[in-house]
Amino acid sequence: QVQLVESGGGLVQPGGSLRLSCAASGSIRRLYAMGWYRQAPELQRELVATMTNGGSTNYADSVKGRFTISRDNAKNTVYLQMNSLKPEDTAVYYCNAEIGWSTFWGQGTQVTVSS
């Protein structure tokens with residue numbers, strides 16, 4: 001059994017910053033890519049950023065230069081530093097992890113950017 005537990009969401013003003021964390025626990029033998037996706041109301045879930053266990057990253061064009069993904073492989077944890085937040089970043093953010101042959105999702109954490 002694998003669990004992904006996210007934290008760090010909340011309400012922030014435009015231009016502000018937040019840091020999301022996601023820790024994977026349970027039966028983890030081979031942890032490959034970890035990343036973040038988001039889903040705004042009435043829209044499809046979209047990729048925000050991913051990082052392989054080798055450190056390669058991939059970002060959505062809309063967040064490049066503002067968001068930074070990192071991970072601590074010893075702790076099976078991935079982070080998302082979000083700076084210069086915009087109202088259009090408002091969404092539920094989901095952690096994602098590829099473990100073995102399976103893909104796992106966290107429960108989601110709400111990020112709201114509003115004045």
Report, by residue number, each residue of segment 78-102 that is of a type outside the set (Asp, Glu), out of contact with any Leu (no Cβ under 9 Å at 6 or more places or on another chain) and at pLDDT 95 or above.
-> 84, 86, 87, 90, 92
Quick one: how many residues across segment 80-110 are closer than 18 Å to residue 39 by Cα, of a type outside the set (Gly, Ala, Ser) and in contact with a Lys or Arg (Cβ under 6 Å, 6 or more places away or on another chain)?
-> 2
Leading residue by the ranking (farthest from residue 12 (Cα to Cα)) among those in segment 85-113 that are part of a loop (DSSP other than H, G, I, E, B) and open to solvent by 60 Å² or more (accessible area, probe 1.4 Å) = 101
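Residues to consider are 29, 19; find the one that is under 11 Å from the mean Cα position of the chain (by Cα) and among the basic types (Lys, Arg). Outline the logic, then answer.
Details: 29 fails: under 11 Å from the mean Cα position of the chain (by Cα).
Matching residue, one of 29, 19: 19.
Across segment 21-64, what is the total count of residues that are of a type in the set (S, T, N, Q), loosely packed, with under 11 Cβ neighbours inside 10 Å and within 18 Å of residue 111 (Cβ to Cβ)? Outline the logic, then answer.
Just the residues of segment 21-64 that are of a type in the set (S, T, N, Q), to begin with: 21, 25, 27, 39, 44, 50, 52-53, 56-58, 62.
Filter once more, keeping what is loosely packed, with under 11 Cβ neighbours inside 10 Å: 27, 44, 56.
Among the residues that remain, those that are also within 18 Å of residue 111 (Cβ to Cβ) are: 44.
Final tally of qualifying residues: 1.
The values are calculated or read from the model by the stated rules, or taken from the named source; none is laboratory data. Keep in mind the model is a prediction, meaning the values are calculated, not measured. Backbone-built Cβ (ideal geometry, glycine too); neighbour counts: all protein chains shown. Keep in mind that these areas ignore ligands, DNA and RNA; they rest on the heavy atoms of the full protein, side chains included. Shrake-Rupley method; radii C 1.70, N 1.55, O 1.52, S 1.80 Å.
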